[in-house]
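Participant: Have a look at the structure that comes next, please.
Please treat every number below as a calculation from the coordinates, not as lab data. Predicted, not measured: the structure shown is a model, and the values here were computed from it. Neighbour counts are summed over all protein chains in view; Cβ atoms, including those assigned to glycine, are modelled from backbone coordinates with ideal geometry.
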């Protein structure tokens with residue numbers, strides 16, 4: 001199904017306290033997650049690989065009253081923000097890059113004042129035709145070298 005919830009974020013005033021609570025209460029694994037300098041972030045693993053569910057993140061609360069937020073992956077944040085506004089929602093966080101190759105996020109309030117995040121995937125880097133050719137040449141060279149021995 002398109003536009004599924006793929007990530008959540010838990011804001012915390014005291015990261016150590018929140019980390020201890022969620023680890024002890026639910027058995028989640030919470031570990032530092034690499035982000036650009038100045039952004040402290042933790043990955044939250046809620047399930048074993050292959051099990052249903054989603055994982056999320058935890059960070060220092062950025063503003064008073066910042067809520068727990070679910071993120072929905074969409075093809076285009078720009079297009080979806082237009083749809084959100086046309087249907088009575090309000091964009092409260094304009095599109096911004098998460099980090100290199102991680103895509104973009106945005107957030108809006110629905111007509112009931114719930115905060116929902118949007119996530120747009122970064123384009124997948126595809127090898128250039130030149131890179132493909134040189135890889136194929138190297139592979140052929142390796143195979144030819146093995147036959148000579």
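Participant: Taking residue 29 and the conditions (1) crowded, with 17+ Cβ neighbours inside 10 Å; (2) farther than 21 Å from residue 115 by Cβ; (3) touching a helix residue (DSSP H, G or I) at 6+ places or on another chain (Cβ under 9 Å), which numbered condition does it fall short on, given that it satisfies the others?
Facilitator: Single failed check for residue 29: (1).
Participant: Okay, next question. Looking only at residues that are part of a strand (DSSP E or B) and closer than 20 Å to residue 100 by Cβ in region 13-49, which one is farthest from the chain's Cα centre (by Cα)?
Facilitator: 32
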